[in-house]
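Asker: Below is one structure. I have some questions about it.
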Amino acid sequence: MTNLDSVLAQVDANFDDSLKRLVTLVGFKSISTDPDYKEECQKAAEWIANELNGIGIDTRVHETPGHPMVVGHDSDTADKPGPHVLFYAHYDVQPVDPLELWDDDPFNAKVFEKDGVKMIFGRGSSDDKGQMLTFVEACRAYKEVHGSLPIAVSILFEGEEESGSPSLLPFLNAHKDELSKDLALVCDTTMFDPETPAITTMLRGLMGEEIIITAANRDLHSGAYGGPAANPIKILSRILADLHDDNGRVQIPGFYDGVEELAPDVKAQWDALPFDDAEFLRDVGLSIPAGETGYSVYEQLNARPTCEFNGITGGYTGSGFKTVIASQASAKISCRLVGKQDPDKIRENLRAFVEERLPADCSVDYIEHGSAPGHSLSADFPPLQKGAAALKDEWGKDTIMMGMGGSIPIVSEFKDILGMDSMLIGYALETDNIHSPNEKYNLESYHKGIRSWVRVLAALAE
Ligand SMILES: [Zn+2]
């Protein structure tokens, strides 16, 4: 047996015990948002720290104003080949209400079988305790067979992911030196489907802005002032209409700076995905894709930026009718960002775009509503290629480079504060009932997830 095969065999031999450990971990009611469960969060953190220490990863439970952070470093990280990785997952879970919709006690994890598929039931079984243990159990098997891990490994387990991570930013800032490694591995995402492994390589960022246009110094009668008086609703509508051309392209100058076209192999992969544009739209009662022409729906959702209007106010909108020319009109606008688009630059350019179209006797105010850049790993990033090949070896299918329309804050925080890229590999499924009653994790996700990490660690060492 090769080195790798013997570790994989150890994973298989350990699997019953790995499952028992997951049952134990699910048993902690670590609901981070509810202060009643503070002690349960503490216990979960201590349990996992104890497990890590047991396999030679020197681990401490750090108190925070909220729930603890669990930080560990492999006892032997010197002179290892490959990148030093920081593995991230979270031990807290979502609340379980409404409890009556669960088929069983959410914290009394059980293995059951449905349609020939074996699953483990319970809150956190998938998000994120099962995912977290895939990595821990992979390290355990390595240690048992070889006494050491193939690359340098550090660990960060958070207990507030499901409640907005209030302690994370200060903690990362205070432990910058300790936590800045070469690469973050994040295990909190899904596969493409139950057979097809995926690495999430693109996450869209966000820039939110509210625009308030003021014309006259008070609301006016449209008979007495209609004509000469500037109408802020007209001005705002014209500006909003100008923001896209007929092909759905955003017209803010410089908006597409930093937007990259998909690499040809990723494009080919996406075009071949069993993703049904018509079905996706039919589900919400639509049939005509409305985004940028020339891009598939999947591409529009995951790899293209947007500028959407989320709300407009102005004038009289109550019942009946009022012949008023409003003094003010406003719009809330959000841009989803990709690649290296710079949210601050786009905000600045949007404001200039508005002011260019504003009559000289009117004024505009802005309210910022947050910003975060997108995240993307370049297709030729070496760890990504190694990770994709390792997953393919385990699952027997090409690894999909997946995008995600929304964002995962931890990824930009790792980048901004720790200067580290993140590789997002997860084995959860869309059907795992994450955040819902009857959450489950397929035993295959768990078992092959552990085996996958063994292969990824070996591949990163090469
Ligand atoms: Zn999660």
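The values are calculated or read from the model by the stated rules, or taken from the named source; none is laboratory data. It should be emphasised that the depicted structure is a prediction, and the values quoted were computed from it without experimental measurement. Here the Cβ positions follow ideal geometry from the backbone for every residue, glycine too, while neighbour counts run over all protein chains shown. Remember, those area values only see protein heavy atoms, side chains included, never the ligands or the DNA or RNA. Shrake-Rupley method; radii C 1.70, N 1.55, O 1.52, S 1.80 Å.
Asker: Which entries of 129/415; 20/176; 118/392; 29/392; 38/110 show an alpha-carbon separation above 28 angstrom in the structure shown?
Answerer: Over 28 Å apart, Cα to Cα: 20/176; 29/392.
Asker: Relative to the longest principal Cα axis of the chain, at what angle does helix 343-356 sit, 0 to 90 degrees, rounded to 10?
Answerer: 10 degrees
Asker: Quick check on packing: order 289-298, 47-56 by the mean number of other C-beta atoms within 10 Å, highest mean leading.
Answerer: Top of the packing list down: 47-56, 289-298.
Asker: For region 94-236, place one equal point scatterer on every Cα, skip the solvent, and apply the Debye formula. What is log10 of I(q)/I(0) at q = 0.09, 0.15 Å⁻¹?
Answerer: So the normalised log intensities are -0.57, -1.06.
Asker: Based on DSSP, what percent of beta bridges with both residues in region 37-172 are antiparallel, to the nearest 5?
Answerer: Counting only bridges with both partners in region 37-172, antiparallel ones make up about 70 percent.
Asker: Turning to a different aspect of this structure: Taking the highest mean first, how do the peptides 250-260, 327-337 order by number of other beta carbon atoms within 10 angstrom per residue?
Answerer: Going by the mean number of other Cβ atoms within 10 Å, highest first, we get 327-337, 250-260.
Asker: Assign unit charges at the C-beta atoms only (+1 for Lys and Arg, -1 for Asp and Glu), then state the dipole size of region 102-218 relative to its Cα centre in Debye, rounded to the nearest 20.
Answerer: Value, rounded to 20: 220 debye.
Asker: Could you tell me the distance between the Cα centroids of region 367-437 and region 208-228, to the nearest Å?
Answerer: Rounded to whole Å, the Cα centres lie 46 Å apart.
Asker: I would also like to ask the following. Just for the chain, what percent of DSSP beta bridges are antiparallel, to the closest 5?
Answerer: Antiparallel: roughly 70 percent of the beta bridges in the chain.
Asker: Next question, about the same structure. Can you give me the Cα centroid spacing of region 278-346 and region 78-138 in angstrom?
Answerer: One Cα centre to the other: 36 Å.
Asker: On to the next question. Dipole size in debye (nearest 20) for the chain around its Cα centre, Lys and Arg Cβ +1, Asp and Glu Cβ -1?
Answerer: 680 debye
Asker: Only loop residues by DSSP count here, and only those with at most 14 other Cβ atoms within 10 Å; note down the GluC sites (Glu not before Pro) in region 156-204 that meet that.
Answerer: Qualifying residues, ordered by number: 195.
Asker: Helix-only mean residue ellipticity at 222 nm, the chain, DSSP H runs n ≥ 4 weighted -39,500 (n - 2.57), per residue, nearest 500. What is it?
Answerer: -11000 deg cm²/dmol
Asker: Can you tell me the 0 to 90 degree angle between the C-alpha axis of helix 38-54 and the longest principal axis of the chain, rounded to 10?
Answerer: Orientation of helix 38-54: about 50 degrees from the principal axis.
Asker: Return the FRET efficiency for the residue pair residue 310, residue 351: r is the Cβ-Cβ distance, R0 is 22 Å, and the value is rounded to the nearest 0.05.
Answerer: Approximately 0.80, to the nearest 0.05.
Asker: While we're here: Have a look at 101, 443, 458 and report the one farthest towards the positive end of the charge dipole of the chain, computed about the Cα centre with Cβ charges (Lys/Arg +1, Asp/Glu -1).
Answerer: 101
Asker: Positive end of the dipole of region 120-255, charges at C-beta (+1 Lys, Arg; -1 Asp, Glu), about the Cα centre: which of 191, 138, 225 has its Cα farthest in that direction?
Answerer: Checking the options against the dipole of region 120-255, the answer is 225.
Asker: Additional query: So for the chain, taking the charge dipole from beta-carbon charges (+1 Lys/Arg, -1 Asp/Glu), which of 236, 270, 369 sits furthest toward the positive end?
Answerer: Going by the Cα projections, it comes out as 236.
Asker: Can you tell me the relative contact order of region 11-111? Whole percent, Cα pairs under 8 Å, sequence separation 6 or more.
Answerer: Rounded, it is 29 percent for region 11-111.
Asker: Still on this structure, I have one more. Fully extended, how many nm does the chain gain between residue 237 and residue 321 (0.36 nm per residue separation, minus their Cα-Cα distance)?
Answerer: Working it through step by step, the gained length comes to 28.2 nm.
Asker: Points 7 angstrom from Cα along the Cβ direction at residue 12 and residue 444: gap in nanometres?
Answerer: 1.7 nm
Asker: Moving to a separate point now. Would you mind checking the tilt of helix 382-395 against the longest principal axis of the Cα atoms of the chain, expressed as 0 to 90 degrees and rounded to 10?
Answerer: For 382-395 against the chain, the angle is about 60 degrees.
Asker: Can you tell me, using C-alpha contacts under 8 Å and at least 6 residues apart, the relative contact order of the chain as a whole percent?
Answerer: Relative contact order, the chain: 26 percent.
Asker: Let me ask you something else. Per residue, what accessible area does region 227-287 have, given a 1.4 Å probe and all protein chains present, in Å²?
Answerer: Result: 63 Å² of accessible area for each residue.
Asker: Could you size up the charge dipole of region 348-452 around its Cα centre, putting +1 on the beta carbon of Lys and Arg and -1 on that of Asp and Glu, and report it in debye to the nearest 20?
Answerer: Charge dipole of region 348-452: 620 debye, to the nearest 20.
Asker: Given a 1.4 angstrom probe, I'd like the percentage of the accessible area of region 143-294 that is carbon and sulfur, rounded to a whole number.
Answerer: Carbon and sulfur together cover 51 percent of it.
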